[in-house]
Structure formats: structure tokens, C-alpha cells
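First comes the structure, then the notes that go with it.
Just so it is clear, none of the values below were taken in a lab; they were calculated from the coordinates. Since we're looking at a predicted model, the values are computed, not measured. Cβ: placed from backbone, ideal geometry, glycine included. Neighbour counts: every protein chain shown.
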Amino acid sequence: MFSNLINALIENSDPFSEMREELSLIAQYFRENPPVLVVGSGAMFYLPAFWRDPIQKEIFKSKNYFDIEELRNLDQYLPEDAVILDVGANIGNHSLYWGVERDARQIHAFEPAESRFAVLEKIIEGNQLQDCVTLHNIGLASEAGTASPVPGKKRHGGSPRLRKDAAGTIPLVPLDDLDLKLEALDLIKIDIEGFEVDTLAGARKSLEKFKPVICVRAVGMALPKVDQFLEEFDYLRRENIGWSTYIYTPNERTAVEKTAEAAE
């Protein structure tokens, strides 16, 4: 009853009505004219939902890449001219950093959510990274199939969690089934809550062939499951570089160390 009274007062209050109208006009303006923010060495972010999307909001507020310290911590594991898989790319924060700041040779960015993928496309095209970054509007899994968003379940950054669903519209494909024409693979970054191990299980051949460094965001019980799966491939959890974000390397060596050894 009290909340209904407050709402009634607001509805009948001219100042509140005017404020709502002004806020509505401001929101409409930014929907039609999304801000473009320049960060780092000239990377441009397109932020159409910066007032409500957590990642876009943080980029807008900090005037920098999202999770910049995490990205800098990860630099030590990347060789020059790196080949990277960005699994759960969202709007392309990490792909943009690696393409602009690290001058990566090749990046494959996977983002199944249509709304995020649309922003990802604009950011990659706006930064003229099409020759470096290949976009995939699919999810990765242990076997081919389809998925649907989980109603009411929002993961870190606002993207919906997924569940396997035969009637779903989001394609799921094992990494090993894709013809990416990789000659090397230095890093797999995974940020897809609930699909961490499923993604790795679909990449068995790639893990065995390339032995990439793996960076995975694993929350709660996902972490021991990732540990257990990667033990099969002689991987060790090396360190925590950010919020629930962990680095795994084969034989306790980084990609940079392996490159240095190969050059000797």
C-alpha cells in the first residue's frame, strides 16, 4: 500500500513527471547517438548501452579497457605475434586490447548473444581489425547442438547464461570441428559461465596439438571442475590474475618461456 501511495504521488507530481520526461529524452538521445570512447593507443569503443550494461558502464567511467589490470597481468603469458581464441568475447574488450595494444597476429572471437555480437561487430569494424579478428556468432561446447538463454540468469557483465536446448536458436559447435586454419595457438581465454569444461572438452585435439595457455573465469564449483579436466592434459593452475580469473599453463611454463626456449 505504501509503495502504491508513493507511486501515485510521483505520477501526480509535476517535478517528477518533468524529470522522467527529461531522463527519457536523454536515454533516447544516447540510444540514437551512442558515445564513442577512445582509450589506450587509440582503440575506439562503441558503447550503445553504457548507462545499464556493467562492462560498457565501467569502460565509460574509467575511460579505459574493462579489467585493464587483468589484461596487463595476462601480457606476460603472450608471445609476440600471438594467436588467440576469445571465447565469450562480449562486446570485444579483450579482442580489442590484444589487436590494438598487443598487435596479435590472429584472434578468433566467439560471442553467442546477438545483442553483444552486434556491438562486437561495430567495434571491430570501427577499429579496422577485420584482418586480425575473425568473429563467430556461436557458442562452443563438447558436441554440436543448440542452446537457449536461461531466463532470469545474468552472468558477469550482463550477458545471459546459456543452457543446452534442442529447440534453442543459438548454435553450439566443438572447437575441434571448426576449420580455423590455425598454425599456432598461444592463448584460449574463456568467460562463459556454466560452459567452461564443456568448451574445453570440445577442444581436446587443439589442447594436445598446441598446448596453449588457458585463461578462464571460473566461479564457485566451476574451478575444481576445470582443475580436474586440465590435469588430464598435464596443465597446472598457475595464478589468479583477477576476479575469479585463473591462468593454466602446460608443464608450468608460459608461452613466452616456450618461445624463448625454441629460439635457443
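If the chain between Leu236 and Leu25 were fully stretched, how many nm would it gain, using 0.36 nm times the residue separation less the Cα-Cα distance? Working shown, then result.
Values: separation 211, 0.36 × 211 = 75.96 nm, distance 5.25 nm.
Between Leu236 and Leu25, full extension yields 70.7 nm more.
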Specify whether the C-alpha gyration tensor of region 63-263 places it in the rounded, prolate or oblate class, a ≥ b ≥ c being the square roots of the eigenvalues: rounded for a/c under 1.5, otherwise prolate if a/b is larger than b/c and oblate if not. rounded
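Quickly rank 215-223, 134-142 as a protection proxy: mean count of other C-beta atoms within 10 Å, highest first. Write down the numbers at each step before the final one.
Numbers: 215-223: 17.9, 134-142: 20.4.
In decreasing order of mean packing, 215-223, 134-142 become 134-142, 215-223.
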Please turn the phi angles of region 55-70 into ³J(HN,Hα) values with the Karplus equation 6.51 cos²θ - 1.76 cosθ + 1.60 (θ = phi - 60°), one per residue in order, whole Hz, x for glycine and proline. 5, 4, 4, 5, 4, 5, 6, 7, 6, 8, 4, 5, 6, 4, 5, 4
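Going down the list Lys63/Lys225; Lys57/Lys209; Lys122/Lys211; Lys205/Lys225; Lys57/Lys205; Lys164/Lys225, which pairs span over 29 Å between their C-alpha atoms?
Details: Lys63/Lys225 36 Å; Lys57/Lys209 39 Å; Lys122/Lys211 32 Å; Lys205/Lys225 19 Å; Lys57/Lys205 38 Å; Lys164/Lys225 18 Å.
In this structure, Lys63/Lys225; Lys57/Lys209; Lys122/Lys211; Lys57/Lys205 lie more than 29 Å apart at Cα.
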